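Enquirer: For reference, the structure I am asking about is given below.
The values are calculated or read from the model by the stated rules, or taken from the named source; none is laboratory data. What you are looking at is a predicted structure, and each value in this text was computed from that prediction instead of being measured. Methodologically, a virtual Cβ is constructed for each residue, glycine included, from the backbone with ideal geometry; neighbour enumeration extends over all protein chains shown.
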Amino acid sequence: MKSLDAPRDVRGDREIDAGGRLLVPGLIDLRADLGEPGHTERETIASGLASAVAGGFTSVVVMPSTDPTIDQVEVVDYVLARAREAAKARVLPAASLSVSRAGERLAEMAKLANAGCVLFTDVDRPVRDSQLLRYALETADDIGVPVATHAEDPTLSLGGIMHEGFVSARLGLAGIPFTAEVVGVARDIALAELTGARIHLHHISAAGSVELIRHGEA
């Protein structure tokens with residue numbers, strides 16, 4: 001590019017009126033659950049990236065919801081190699097915060113970051129152990145990589161399969177109170193403030209959670 005200026009007498013073979021529209025070089029999907037490795041009957045890295053490009057996404061953050069999960073450097077290398085073979089969207093792997101996403105032991109976060117992981121998360125599983133999450137946030141802050149959590153108090157949501165309220169009572173199904181999320185959000189924000197780490201909260205659905213997040217960002 002030599003210069004940037006208003007068009008003069010230049011005419012194109014095809015002209016598109018982009019007034020009122022947004023033009024971007026490419027979108028980034030911050031949370032993609034691809035099926036490979038482990039669930040290729042559902043989706044492969046190649047097919048998932050082809051779908052991403054068709055929708056305008058040029059970069060994809062791949063969640064460790066795989067089998068095996070992304071908690072070893074070898075799995076990171078495999079995912080990146082398959083992405084290179086597909087030659088579609090750019091893949092940014094997210095690694096498990098804990099080994100096997102079991103919430104018992106920290107994954108080797110520094111090694112995983114050096115291998116190319118840009119995020120640590122146990123995806124849809126809340127980290128039960130607050131001390132473990134604190135250590136994870138401290139480590140993540142040291143190596144400059146953010147953490148994403150599924151904010152939920154599992155003791156409040158235990159056995160629930162839908163929102164707790166009139167409908168769950170009428171159907172006779174175990175409900176999950178919105179407080180389960182709010183309590184989880186409060187804890188995770190408090191630990192992020194304690195450690196100074198960057199945190200992203202998945203799956204927010206409660207108004208109380210939004211208020212806590214606004215307060216935490218202030």
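Enquirer: Could you give every pair whose Cβ atoms fall below 8 Å, whose first residue belongs to region 114-136 and is part of a loop (DSSP other than H, G, I, E, B), and whose second residue is surrounded by 19 or more Cβ atoms within 10 Å (Cβ to Cβ) and acidic (D, E), counting only separations of at least 6 or pairs across chains?
Expert: Close Cβ pairs (under 8 Å, with a partner that is surrounded by 19 or more Cβ atoms within 10 Å (Cβ to Cβ) and acidic (D, E)) amount to P126/E152; P126/D153.
Enquirer: Does V127 satisfy being buried (at least 18 other Cβ atoms within 10 Å of the Cβ), within 17 Å of the chain's Cα centre (by Cα), β-branched (V, I, T) and over 17 Å from V185 (Cα atoms)? Walk me through it before giving the result.
Expert: Numbers: buried (at least 18 other Cβ atoms within 10 Å of the Cβ): yes; within 17 Å of the chain's Cα centre (by Cα): yes; β-branched (V, I, T): yes; over 17 Å from V185 (Cα atoms): no.
Answer is no for this residue.
Enquirer: Filter region 81-95 for residues that are in contact (Cβ under 8 Å) with a residue 12 or more places away in the chain and either touching a helix residue (DSSP H, G or I) at 6+ places or on another chain (Cβ under 8 Å) or surrounded by fewer than 22 Cβ atoms within 10 Å (Cβ to Cβ) (or both) and give the result.
Expert: Going through region 81-95, the residues in contact (Cβ under 8 Å) with a residue 12 or more places away in the chain turn out to be 82-83, 85-86, 88-95.
Those that are in contact (Cβ under 8 Å) with a residue 12 or more places away in the chain and either touching a helix residue (DSSP H, G or I) at 6+ places or on another chain (Cβ under 8 Å) or surrounded by fewer than 22 Cβ atoms within 10 Å (Cβ to Cβ) (or both): R82, A83, E85, A86, K88, A89, R90, V91, L92, P93, A95.
Enquirer: Next up: If Q131 passes every condition in (1) modelled with pLDDT of 95 or more; (2) under 20 Å from A32 (Cβ atoms) but one, which one does it miss?
Expert: The one condition Q131 does not meet is (2).
Enquirer: So Y78 clears everything in (1) part of a helix (DSSP H, G or I); (2) under 19 Å from the mean Cα position of the chain (by Cα); (3) touching a residue at least 24 places away in the same chain (Cβ under 8 Å) except one condition, right? Which one?
Expert: Every listed condition holds for Y78 apart from (2).
Enquirer: Looking at E217, E152, E211, E104, can you tell me which residue is surrounded by 14 or more Cβ atoms within 10 Å (Cβ to Cβ) and charged (D, E, K, R)? Can you show your working first?
Expert: Working: E217 fails: surrounded by 14 or more Cβ atoms within 10 Å (Cβ to Cβ); E211 fails: surrounded by 14 or more Cβ atoms within 10 Å (Cβ to Cβ); E104 fails: surrounded by 14 or more Cβ atoms within 10 Å (Cβ to Cβ).
E152 is the lone residue from the list that is surrounded by 14 or more Cβ atoms within 10 Å (Cβ to Cβ) and charged (D, E, K, R).
Enquirer: Turning to a different aspect of this structure: Of the residues in region 146-156, how many are of a type outside the set (D, E, K, R) and free of Cβ contacts under 8 Å to residues at least 40 places away in the same chain?
Expert: Going residue by residue through region 146-156, those that are of a type outside the set (D, E, K, R) are 146-151, 154-156.
Within this subset, residues satisfying the condition of being free of Cβ contacts under 8 Å to residues at least 40 places away in the same chain are 154-156.
So the count comes out to 3.
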